[in-house]
Amino acid sequence: MAVDLNLPEDRAQPRPRRRSKRVWVGGTAIGDGAPIAVQSMCTTLTHDVDATIRQIERLQEAGCEIARVAVPDKRGGEALKEIVRRSILPIVADIHFDYRLALMALDAKVHKLRLNPGNIHNKDGVREVVKRAKEQGTPIRIGVNHGSIGDRQPGDIRDEAQRMVDLALSEIRILEDLDFDDIVVSVKAFEVPVMIAAYRRLAKAVPYPLHLGVTEAGTALSGSIRSAAGMSVLLYEGIGDTIRVSLSEDPVVEVKAAFDLLKSLGLRDQGLTLVACPSCGRADIDLIPLAKVAEERLRALPVPMKVAVMGCEVNGPGEAKDADVGIAGGVGKGAIFRKGKVVGTYPENQLMDALMAEIDKILIENGKEPYSEKAPKLSHEGQLTPGRSVPAGQRT
């Protein structure tokens, strides 16, 4: 039986992006084919302006493109004007319960509003906010969270995904009735199947860009996995225009996780892509701490680069031959290779420095400044994996 392997759904690449309206958040475009924008949310108290600005600067250094801040009270609203003035990133004001806080945010000239229709019940107040936002050209995200949609009423046979979608659509109609279409929409849930179903349905129902996320996803490991499980399905299908990986963590970790997710799907090509084997008893160098240090030291590479850290000759240049540069372990030593070709051999304790030097050569050859002097100074000394204090060939 002949099988056509060139069908669009069988190609080894994400499907074409869903077409949507373009919305500008400050100088960052969302939708209509723009690169999928990475967002995060500050964990500082918004009224502590200095702390908030310091965190925004760290987020920007990690690659974040849009920063959201909570506006829980009047103090937070009063701080927005100074935050907007000093922020290097576009600012989104996160509004719950009280529409008057959204009006304060508009007075501060924030770059976008996030409104939660599940807990802002004063629809006249929402209309006032929308009119002001239209006058100022400020976009609004309709941000539906599953936990905020209210209890199911008797006789309601809709599933949870449809309840979220219907709430989003009812709020969108309020905005559209006021001739407002500078809209971004999200329908976040903790349960991944519910979240996927809601976004798929919403993507068919509206022309607006979609903000993806799995809400309250969890701590760094479990939350990143849950977020990837939900968002990667949609992103591979072409659904999603901006993302936030919601973690109980430093928000810089959210940004790193978001870029790793997008790079894994071939949707963003930025900075480091690390290829590292999982290690095993065959490895001739202590791979795990070496890979961790390589990731942290190279995280801020100024150009896209695929770097491999491989533990032995089995998983060395052969399996990582498409990497721009890498390490392949040997007994107490290792090889530095480029595109599968060995360019030098060094003792194990010199491998990281040798890798950094080779990366500098690549950058200089391509007209870029060397990176090694700017990189974080980290070492894996004292982090040896148990049983690996001697090279593989000398172990008993």
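Assorted remarks:
- Total residues in the stretch 354-373, condition exposed (fewer than 13 other Cβ atoms within 10 Å of the Cβ) and touching a residue at least 12 places away in the same chain (Cβ under 8 Å): 2
- Here residue 135 fulfils each of the conditions (1) at pLDDT 95 or above; (2) of a type outside the set (Val, Ile, Thr); (3) buried (at least 17 other Cβ atoms within 10 Å of the Cβ) apart from (3).
- Residues within the stretch 196-251 that are part of a strand (DSSP E or B) and of a type outside the set (A, V, I, L, M, F, W, C), tallied: 2
- Qualifying residue in the stretch 16-29 (condition: in a strand (DSSP E or B), modelled with pLDDT of 95 or more, of a type in the set (A, V, I, L, M, F, W, C) and touching a helix residue (DSSP H, G or I) at 6+ places or on another chain (Cβ under 8 Å)): no
- Filtered residue count, the stretch 139-158, keeping only those that are closer than 28 Å to residue 22 by Cβ and of a type outside the set (S, T, N, Q): 7
- Cβ separations smaller than 9 Å between residues 6+ apart or across chains give the following pairs from the stretch 143-168 residues that are open to solvent by 30 Å² or more (accessible area, probe 1.4 Å) to residues that are aromatic (Phe, Trp, Tyr): 146/190; 147/190.
- Qualifying residue in the stretch 186-195 (condition: assigned to a helix (DSSP H, G or I), in contact with a Leu (Cβ under 9 Å, 6 or more places away or on another chain) and buried (at least 18 other Cβ atoms within 10 Å of the Cβ)): yes
- Of all the numbered requirements in (1) touching a Phe, Trp or Tyr at 6+ places or on another chain (Cβ under 8 Å); (2) aliphatic (A, V, I, L, M); (3) not in a helix (DSSP H, G or I), residue 130 misses one, and that requirement is (3).
- Here is the figure for the stretch 280-303: residues that are of a type outside the set (A, V, I, L, M), touching a Cys at 6+ places or on another chain (Cβ under 6 Å) and open to solvent by less than 70 Å² (accessible area, probe 1.4 Å) total 1.
- Within the stretch 63-73, being touching an Asp or Glu at 6+ places or on another chain (Cβ under 9 Å) and either assigned to a helix (DSSP H, G or I) or closer than 15 Å to residue 243 by Cα (or both) holds for 64, 68.
- Annotation note: Cβ proximity below 7 Å between a residue of the stretch 330-349 that is at pLDDT 85 or above and a residue that is open to solvent by 80 Å² or more (accessible area, probe 1.4 Å) (sequence gap 6+ or interchain) occurs for 335/342; 335/345; 339/321; 340/321; 345/333; 346/333; 347/333.
- Flag if residue 199 is among the aromatic types (Phe, Trp, Tyr), touching a Leu at 6+ places or on another chain (Cβ under 9 Å), surrounded by 20 or more Cβ atoms within 10 Å (Cβ to Cβ) and in contact (Cβ under 8 Å) with a residue 24 or more places away in the chain: yes
- The stretch 204-221, residues that are modelled with pLDDT of 95 or more, open to solvent by 20 Å² or more (accessible area, probe 1.4 Å) and small (Gly, Ala, Ser): 205
- Residues that are in a helix (DSSP H, G or I) and touching a strand residue (DSSP E or B) at 6+ places or on another chain (Cβ under 8 Å) were ranked within the stretch 342-351; the one that is least open to solvent (accessible area, probe 1.4 Å) is 351.
- When the stretch 79-116 is filtered for residues that are open to solvent by 20 Å² or more (accessible area, probe 1.4 Å), under 23 Å from residue 22 (Cα atoms) and either in contact (Cβ under 8 Å) with a residue 40 or more places away in the chain or in a helix (DSSP H, G or I) (or both), the ones remaining, listed by number, are 84, 111.
- Scanning the stretch 129-161 for residues that are more than 20 Å from residue 111 (Cβ to Cβ) and either among the hydroxyl-bearing types (Ser, Thr, Tyr) or more than 32 Å from the chain's Cα centre (by Cα) (or both) yields a total of 7.
- Within this structure, residue 227 passes the test of being under 11 Å from the mean Cα position of the chain (by Cα) and either closer than 27 Å to residue 207 by Cα or not small (Gly, Ala, Ser) (or both).
- In a residue-by-residue description of the stretch 253-272, the property of being open to solvent by 20 Å² or more (accessible area, probe 1.4 Å), more than 18 Å from residue 301 (Cβ to Cβ) and of a type in the set (Asp, Glu) applies to no position.
- Residue identified as within 21 Å of residue 180 (Cα to Cα) and of a type in the set (A, V, I, L, M) among 69, 92: 92
The values are calculated or read from the model by the stated rules, or taken from the named source; none is laboratory data. Quantities reported herein were computed from a predicted structural model and do not represent experimental measurements. Every residue, glycine as well, gets a Cβ built from its backbone with ideal geometry; the counts of neighbours run over all protein chains shown. Each accessible area value is taken on the protein alone, full model and side chains, heavy atoms only, with ligands, DNA and RNA left out. Shrake-Rupley method; radii C 1.70, N 1.55, O 1.52, S 1.80 Å.
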